[in-house]
4 protein chains.
Amino acid sequence: MICIDLNCDMGESFGIYRLGYDEEAMPFITSANVACGFHASDPMTMKKTVQLAKKYGVAIGAHPSYPDLIGFGRRIMDISVEEIKADMLYQIGALWSFCHSEGVRMQHVKVHGALYNVAAKDITVATAIAETIKSIDSGLFMVCLSNSAMVDAAKATGTKYVEEIFADRAYTSHGLLVARSQEGAVIHDPDKVAERALRMVRDKIIVAIDGTEFTVKAQTICVHCDTPGAVKMVRSIRQRLEQENISFQTFDR
Amino acid sequence: MICIDLNCDMGESFGIYRLGYDEEAMPFITSANVACGFHASDPMTMKKTVQLAKKYGVAIGAHPSYPDLIGFGRRIMDISVEEIKADMLYQIGALWSFCHSEGVRMQHVKVHGALYNVAAKDITVATAIAETIKSIDSGLFMVCLSNSAMVDAAKATGTKYVEEIFADRAYTSHGLLVARSQEGAVIHDPDKVAERALRMVRDKIIVAIDGTEFTVKAQTICVHCDTPGAVKMVRSIRQRLEQENISFQTFDR
Amino acid sequence: MICIDLNCDMGESFGIYRLGYDEEAMPFITSANVACGFHASDPMTMKKTVQLAKKYGVAIGAHPSYPDLIGFGRRIMDISVEEIKADMLYQIGALWSFCHSEGVRMQHVKVHGALYNVAAKDITVATAIAETIKSIDSGLFMVCLSNSAMVDAAKATGTKYVEEIFADRAYTSHGLLVARSQEGAVIHDPDKVAERALRMVRDKIIVAIDGTEFTVKAQTICVHCDTPGAVKMVRSIRQRLEQENISFQTFDR
Amino acid sequence: MICIDLNCDMGESFGIYRLGYDEEAMPFITSANVACGFHASDPMTMKKTVQLAKKYGVAIGAHPSYPDLIGFGRRIMDISVEEIKADMLYQIGALWSFCHSEGVRMQHVKVHGALYNVAAKDITVATAIAETIKSIDSGLFMVCLSNSAMVDAAKATGTKYVEEIFADRAYTSHGLLVARSQEGAVIHDPDKVAERALRMVRDKIIVAIDGTEFTVKAQTICVHCDTPGAVKMVRSIRQRLEQENISFQTFDR
């Protein structure tokens, strides 16, 4: 039987501000990437998010970012590799504390936003990320964009990792994500997205934006839960794949 | 033989800003209270401070605060007990990460500034602090102002603790610190301070500002290292007590 | 003819986070209290909010706060009067810049949240606020809780001011707001709220929570626009009062 | 008689942290670039800095930055031109408030750190800066690196400007600053620096690091005052040039 993990960014509220549909989406996912206060979240939000994940048996990962709350971590910052490492240690530790006090384990680390995009291409940054994760706990998984520099870095450093794919994003024929600024970069039709997910997971095939096909090996699909429509899409992906006897399980099983 | 611990606030620099004489003072103390980013410090500073403490075999503790960088954690904030707990978990976890990646253990937690002053009098806040510390690791010590509500809270919750005294601060006849705003609250003469420290540690006696004496039981003396003069004072306390065969050791021995 | 101003907190979004129904409510109010970055908002949000107010001819005021983004300025901070003054100058100036570059004038200043509550009772804080406002521009109005220390401070310092009332909040027989934690503190029925507003404005009478009546003199009603229901309430207040030939105009006319 | 302005970054302390020798240097300079809270400073520091400049008759300018307190504004951030404009308006307005309440005028704007370096090369960013300055007050000067894209932007937008030179920095033969990472980029000998300043101001000649000479037109020299040695250098530059009958005056005379 084929198994796949479904990961989603969670806990991105901040103070009085609500973001995302964590309560609605948590029952349908298997792994949660929990914001750590640098692009979103605050200590109370982190606590509630860890408790919510625990309630549904969802595996928890840290979701560290550049220090840029106003920009939601989406603006590239020219910060040194040493600073990236220290910023990551800080954020992962902060989340660890909430996991520990709730008696749950941290499963993985997935870097956020601009840092994710940089790490997908820049092997130096990707390596710094991999080393940091491994230095905290050799059992922690690094969530890597499939086929990217992150995978190379995880392999080279001996860091545990999984590769992830995006069901609702268009790919170039080189296996990279089409930039959001380009038309067609994001796919909105829930049925289409569910079919794409099915082909990716069952057949290990992605159809690129130019119609060419390439194979892909992934242990987790990333979904977004920041709109009511997105939550619906998560459910539709899950239903469609379960019809085909694909099982949803966290990758750390 | 009498043993005593010498604790000092460390790692209170921030970004480009330097504060304190960490390099100069570290060789003379036995426990370091390391700032965690809410009143001072940043990830790079935390990393360097943990490395410096490790180099000199100094025991490490977290030094969490209200979230108030501009006010250096010295302004009371009317935040809920739940928020205090979450803020503490966040900060302690962040420091834990640096300890863990350097292969050293965290020994204690000592809250900072206005939060310390509130916890000395408010049993609800003190209890929240004690519970949080115990929930992270039952081996962690809570550093408590001697004779204060913190001690009561630590006892009631079964949290490990030590009592601390201040050699360079005047005490009221009730065993509390004389407020800094009052004349004579801080003692500046290094010889006088060393003699006071000696009486506190060897004879377990504090002479209050009105001349009365009371007994005290403490496992650690707090010293400040934020001026060159302060570092000198640390050395003079240490010398004077070692002449009397008092040994300096961390309390977690 | 009776005239009244309708003021509302605006521009309280932050970065990616949306708060409030500014677009929907702006057409119905006459004065906007614009957040300045200390409890909410950021430079881009401030710019858009000033542009939106300008579009509907709504008068603009600064809405400064304690520096507490995580707590949305709702937590009392024990900061000095000198710090309050400097924090206010900073925030008012920041908003002035956006007004100036859009070619609109700043009409008033209304302090936010916990600072508002403190200033309502503490004449020292209220006086510091009044002095700061006057020092920037003697034409600026200070928005004061009716019957509070703010009014006394404005009078004593010769600062222009208006008194404000809350249509959806219960009052004590002493003319103060019933604390939100008490039952019945907030009135949710739009018709009741509209009737209360009418009595306050037309008859200058407030019925306290214990049934007693007292007179009130106000130039502005405060309404909230942070839920779709609240926006509806604003419209219903406006309609009800216009039926009675009460005219809505900014106080700086 | 030749006149020149001497500008220096001022008010870069933050909370409890002290940076720079403002008290010592202020008597020797003619223009102060005052930090606005995004890379350094806070409201109390801004107030004191404006008061100090006023005391010595030093002209005041805003010194806005990327929003990066931990990185002291020295890390390039990939933020949009619209965000740069809004961030600048916010910071300039904040400082304007302190100038206004002290009864002094703002003379100029000089962007800080990484934003300065980007604007020196990127005409789009430089133009956004020039437009923002002009939109606030057409009498405000933009301080531009001599021969850089900033000068082109000021000219094209009709923004008042001055060109600045650095007496203690080496130049390439193309008239740009040698990167700090290169050997010889910063000149430390006070006599050499004073002689360079003299040639720059009296003869309008800069000798590049490769020995070639080029002409330069500048209305202001930038000096640093962040170490006791730097303050000494300022005094030595001033003395040397005054011996040659060069007069120090702010450019807005």
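The values are calculated or read from the model by the stated rules, or taken from the named source; none is laboratory data. As the structure is a prediction and not an experimental result, all values here were calculated from the model. No Cβ is skipped: glycine too gets one built from the backbone with ideal geometry, and neighbour counts run over all protein chains shown.
Summary table
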| read-out | value |
| --- | --- |
| Residues satisfying the stated conditions in the stretch C:190-222, i.e. modelled with pLDDT of 90 or more and closer than 21 Å to C:MET10 by Cβ | C:VAL193, C:ALA197, C:ALA218, C:GLN219, C:THR220, C:ILE221, C:CYS222 |
| Within the stretch D:138-174, tally of residues that are closer than 27 Å to D:ILE209 by Cβ and in contact with a His (Cβ under 6 Å, 6 or more places away or on another chain) | 1 |
| Unmet criterion (only one of (1) farther than 17 Å from C:PHE141 by Cα; (2) among the aliphatic types (A, V, I, L, M); (3) out of contact with any Pro (no Cβ under 7 Å at 6 or more places or on another chain); (4) at pLDDT 95 or above) for C:MET1 | (4) |
| Helices (runs of 4 or more DSSP H) fully within the stretch B:143-253 counting 3 or more residues that are in contact (Cβ under 8 Å) with a residue 40 or more places away in the chain and farther than 21 Å from B:ILE129 by Cα | B:190-198, B:228-243 |
| Selected residue (only one of C:ARG180, C:ARG169, C:ARG202 is surrounded by fewer than 16 Cβ atoms within 10 Å (Cβ to Cβ), of a type outside the set (S, T, N, Q) and within 19 Å of C:ASN117 (Cβ to Cβ)) | C:ARG180 |
| Residue satisfying condition, being touching a Leu at 6+ places or on another chain (Cβ under 7 Å), surrounded by 22 or more Cβ atoms within 10 Å (Cβ to Cβ) and farther than 14 Å from B:PRO43 by Cα, within set B:MET77, B:MET106, B:MET88 | B:MET106 |
| Qualifying position, being at pLDDT 95 or above, under 18 Å from the mean Cα position of the chain (by Cα) and over 22 Å from B:HIS39 (Cα atoms), among B:GLY139, B:GLY158, B:GLY103, B:GLY175 | B:GLY139 |
| Residue check for B:TYR21: in contact with a helix residue (DSSP H, G or I) (Cβ under 6 Å, 6 or more places away or on another chain), more than 13 Å from chain A (Cβ to nearest Cβ), within 21 Å of D:GLY15 (Cα to Cα) and surrounded by fewer than 24 Cβ atoms within 10 Å (Cβ to Cβ) | yes |
| Strands (runs of 3 or more DSSP E) contained in the stretch B:1-93 and holding at least 2 residues at negative phi and of a type in the set (Phe, Trp, Tyr) | none |
| All positions within the stretch C:24-54 that are out of contact with any helix residue (DSSP H, G or I) (no Cβ under 7 Å at 6 or more places or on another chain) and over 17 Å from C:ILE237 (Cα atoms) | C:ASN33, C:ALA35, C:ALA40, C:SER41, C:ASP42, C:THR45, C:LYS48 |
| The stretch D:91-124 - residue that is closer than 16 Å to D:GLY73 by Cα and not aliphatic (A, V, I, L, M) and, of those, farthest from the other protein chains (Cβ to nearest Cβ) | D:LYS110 |
| Hits in the stretch A:124-142 (condition: assigned to a strand (DSSP E or B) and in contact (Cβ under 8 Å) with a residue 40 or more places away in the chain) | A:PHE141 |
| Neighbours by Cβ (under 8 Å, 6+ apart or cross-chain): first from the stretch A:74-88, more than 9 Å from chain B (Cβ to nearest Cβ); second surrounded by fewer than 19 Cβ atoms within 10 Å (Cβ to Cβ) and not basic (Lys, Arg) | A:ARG75/D:ASP78; A:ILE76/A:ASN117; A:ILE76/D:ASP78; A:MET77/D:ILE76; A:MET77/D:ASP78; A:ASP78/D:ILE76; A:VAL81/A:THR124 |
| The stretch A:228-253 - residue that is small (Gly, Ala, Ser) and surrounded by fewer than 19 Cβ atoms within 10 Å (Cβ to Cβ) and, of those, farthest from A:MET10 (Cα to Cα) | A:SER247 |
| Unique match (being of a type in the set (A, V, I, L, M, F, W, C) and within 30 Å of B:HIS174 (Cα to Cα)) among B:MET106, B:MET142 | B:MET142 |
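Okay, residues lined up against (1) facing another protein chain (nearest Cβ under 9 Å); (2) free of Cβ contacts under 8 Å to residues at least 24 places away in the same chain:
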{"position": "D:ALA32", "(1), (2)": "no, no"}
{"position": "D:ASP42", "(1), (2)": "yes, no"}
{"position": "D:LEU52", "(1), (2)": "no, no"}
{"position": "D:SER65", "(1), (2)": "no, no"}
{"position": "D:ILE70", "(1), (2)": "yes, yes"}
